Structures are given as structure tokens and as C-alpha cells.
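Chemist: Dropping a structure here in C-alpha cells format, bear with me for questions.
The values are calculated or read from the model by the stated rules, or taken from the named source; none is laboratory data. Not measured: the values here are computed from a predicted model. All Cβ positions, glycine included, derive from the backbone under ideal geometry; neighbour counts span all protein chains shown. Only protein heavy atoms, including side chains, enter the accessible area calculation; ligands, DNA and RNA are left aside. Shrake-Rupley method; radii C 1.70, N 1.55, O 1.52, S 1.80 Å.
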Amino acid sequence: MGLIRKMLRLLKRIAQELKFIAFVMKIDPRTWRTHGKMLEWARHQADTPIGGEIVARGNELRARVLREFKDKYKSVPGLRLMIHIPPKHVAPGGFSLFSNLADSLEYIGVPVKKLYWADNFNEVFSSFSPTHLMTSDHLLYLDRIDWDQVAGYKKSHPLAVGLTASVDLQGDRTLADRLEWGAEHKIDFYFGFRTGEYYRERKEYTPYFERGHKIVSIEFGANPLFYYPVHTPVRDLDYIFLASSNVDKHEQYFKWLPGIVFHNAGFIDGPGWHRISHYAPREVHRFLYARAKIGLNLHIADSLRWASELNERTYILAACGIPQLIDNPKLLFERFSREAVFSASTPEEYARLYRRILADPAEGERRALLALEEVYARHTTFHRAETLVRSFQSSPV
């Protein structure tokens, strides 16, 4: 029976992949034809202080938040964070989240060491001497850490080790298995990128709390070091969609995107799209966004059912000053005002709003400006890094 189940899962994955390939082949060919040229253009751009109202206001807001947070927590004693960062091609989401967190913590004055998968763990760990080590609870991360060295270090040094809080089945490793592993290795805390309310409301996370753990919530945000409005000579892309094509996102793509991407030329980029050989690094995303009239955004099903998270793209589009066309995640209007985005409850409404934004660019710019104000006021990665530092201050090693 075990072999049959494995074969059925394999056949299901193959069928899903073939369905996705067919979907990609229906996307307007102009989108793929100009991809390489657009990417090469973005790689050679540099910031310029000139621009319209959104660029000018973005410069003001960014300058303000950079001043406010620069070395704000430099004087915090006994805090040295080591953050585990996967390769971008293996885990693009993990690379982005952990990199932005590390960059932001470092900017606000916290000593940070990025631990890459290719690093010699023993050498990097010994030379940095962290007070906190943060990594994922997935075996791909855990197997790259010398846990005997960690245990030995904890005997004579203060060290809190944190893992991501996840309830998803990982191969044959259940949540009970992972929590037991955590107890054996004396894991000190868990953290995640969803809201604290979500972790407390979902009964699936109860085992964490029953064992006495807290789950530190670090919601997504926009990194001001990379994401802000810039000037480009022309907005010639009707839409832009910078997103990976993970299997868990396919059904949303099949349902929501055909009314736009099959008949309109835009820019699609990210890991897993079959028609491109290279995708843009985050350092040039702002230039690509600046050439687009609309930023597309969609959420996984969990975010539509629960007030769990807004994806990172929600905050990035707002920080880059681009009109955002988004679905209707439960958390949306707890983080942004209704006038800051164009939100649709159905694929048909999504397509109608797309046409409306193209027909009324002034309204798009008005909402983009409002979203820009809101994201820089409350939702940058500096704000999220500050939340993490305060959590560590309230629960010292």
C-alpha cells in the first residue's frame, strides 16, 4: 500500500506540473518575449532624485524611517543574533524573509551574522559567539548545524535557539515528532511570520503552548533598504507580477490570473516560471515596479480563510508606490485602509478592477500614495525587527 500511495502522489504531482505548463503557455507571448531585455535594463539602473509626487514623497518617508531606526538598538547589551539563510534557488521565500530580517536588525544596531548553508558552521559559530540562533525547523536547515557544538556552547554561554513554528507535515515528521526533537535539543523558543492572534486561535498550534513555548510573531514587511519608489522615463508595463510558482500557489493562479495575463503584456518573474532562464534579484525590483502601471498580488488559501498574514509582496508593492490589485485576504483591512489598494473578492472582479486602474491612472496613483504613507508608518522590516528585539528584551537568555 505504501508503494501505491507514493505512485499516486507522483502521478498527482506530474499532472499538476503539466497543468501549470499549459497555463504558462497561454500567457501573452509578449510578456516572455520582452523579459530578458527588461531584466537587463533593470540591472543597469541607478537611483535618481527626480520624479513625480510618489517618488518625492517616497524619498521623504524613507529618509524619515532611515533616520528614526539607524542604530536605534546599538546600546542594547548582550544581544548577538545569528540567522540561518538558505540559498535563493532552493528556498526563495526563506532567503527573502531571513535576509530582510538580518539586514534590518543590523541596520537598527544589533550585531548580526548571516549563517549561509555553504558556511562551515563550527567556524562561523565559534568566531561570532551568538546569544541567539534562529533557523527553520525543516531538516534541510537543521542538518547543517552541529547540534553537539550548540549543546556544549550552551553549558558555558547564554544562548537561546529558536526554530520556525510550523504545523505542516514534513515528510514523515509530524508536529509531535518535531516538538520532541526540539525538547531533546533544548530549543528555547519558536517564531513565525504570521500574526500572534493566528497562532493562538488555531488549535493546531496548541501543542506548542502546552509544552510551555511562546511563538514570537514577526509579520512580513517592506525593507526600506531595497524597496521604495524610483523614477523611470516611462510606465510601459501594464502589469507586473514578481512571484514564485510554487505548487501551493498554482490553483490561485489558474483561477485569478487568466483574465489578465492571457491577453495583456506585462512582466512576470520569479523561480519556477518555465519561460525564463534568469530572474531579477531584489536589488533591481524597485526599477521593474517603477515601469508598471499595476502590481498584481494573490494569496494562498490559508490567508483567505484566516487573518494569518499578508504576504511580503503586499508591503513591497505599497513601499514601491505602485497601484496594487490584490485579492481579499482576511488580514488586509486590519493592516491597510480600504482606499489604499484595489481589492477583489472574485476573479471576475479582479479582472474588472484591472481594467478600471488602466482607465483611471489618477485614481491608481491616489491609492498608491495612501498605501505608501501607511507602509512607511507601520509596516517596514525595521518595525518588525524592533518587535523582535523587544521580545528578546522581555525574555532575556
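Chemist: Would you call Y253 of a type outside the set (D, E, K, R) and either part of a helix (DSSP H, G or I) or open to solvent by less than 30 Å² (accessible area, probe 1.4 Å) (or both)?
Modeler: Against the criterion (of a type outside the set (D, E, K, R) and either part of a helix (DSSP H, G or I) or open to solvent by less than 30 Å² (accessible area, probe 1.4 Å) (or both)), Y253 qualifies.
Chemist: Since I85 meets every condition but one in (1) more than 19 Å from H383 (Cα to Cα); (2) of a type in the set (A, V, I, L, M); (3) in contact (Cβ under 8 Å) with a residue 40 or more places away in the chain, which condition does it not meet?
Modeler: Failed condition: (3).
Chemist: For segment 314-337, state whether one or more residues are of a type in the set (S, T, Y) and within 27 Å of V110 (Cβ to Cβ).
Modeler: Going through segment 314-337, the residues of a type in the set (S, T, Y) turn out to be 314-315, 337.
Narrowing further to those that are within 27 Å of V110 (Cβ to Cβ): 314-315.
Yes, because at least one residue in segment 314-337 is of a type in the set (S, T, Y) and within 27 Å of V110 (Cβ to Cβ).
Chemist: Among P229, P271, P224, which is the only one that is in contact (Cβ under 8 Å) with a residue 12 or more places away in the chain, under 15 Å from the mean Cα position of the chain (by Cα), within 18 Å of A318 (Cβ to Cβ) and in a loop (DSSP other than H, G, I, E, B)?
Modeler: On the way: P229 fails: under 15 Å from the mean Cα position of the chain (by Cα); P271 fails: within 18 Å of A318 (Cβ to Cβ).
None of the other options fit; the residue is P224.
Chemist: Tell me which residues, restricted to segment 18-38, are touching a helix residue (DSSP H, G or I) at 6+ places or on another chain (Cβ under 8 Å) and either open to solvent by less than 40 Å² (accessible area, probe 1.4 Å) or free of Cβ contacts under 8 Å to residues at least 24 places away in the same chain (or both).
Modeler: F20, F23, I27, D28, T31, M38
Chemist: Please go through (1) surrounded by fewer than 18 Cβ atoms within 10 Å (Cβ to Cβ); (2) over 24 Å from the mean Cα position of the chain (by Cα) for R64 and return the number of the only condition it doesn't satisfy.
Modeler: Tallying (1) surrounded by fewer than 18 Cβ atoms within 10 Å (Cβ to Cβ); (2) over 24 Å from the mean Cα position of the chain (by Cα), R64 fails exactly one: (2).
Chemist: How many residues are at pLDDT 95 or above, among the hydrophobic types (A, V, I, L, M, F, W, C) and over 25 Å from P229 (Cα atoms) when one looks only at segment 352-397?
Modeler: 2
Chemist: Are any of the residues in segment 372-382 touching a Lys or Arg at 6+ places or on another chain (Cβ under 9 Å), part of a helix (DSSP H, G or I), closer than 22 Å to E312 by Cβ and open to solvent by 70 Å² or more (accessible area, probe 1.4 Å)?
Modeler: yes
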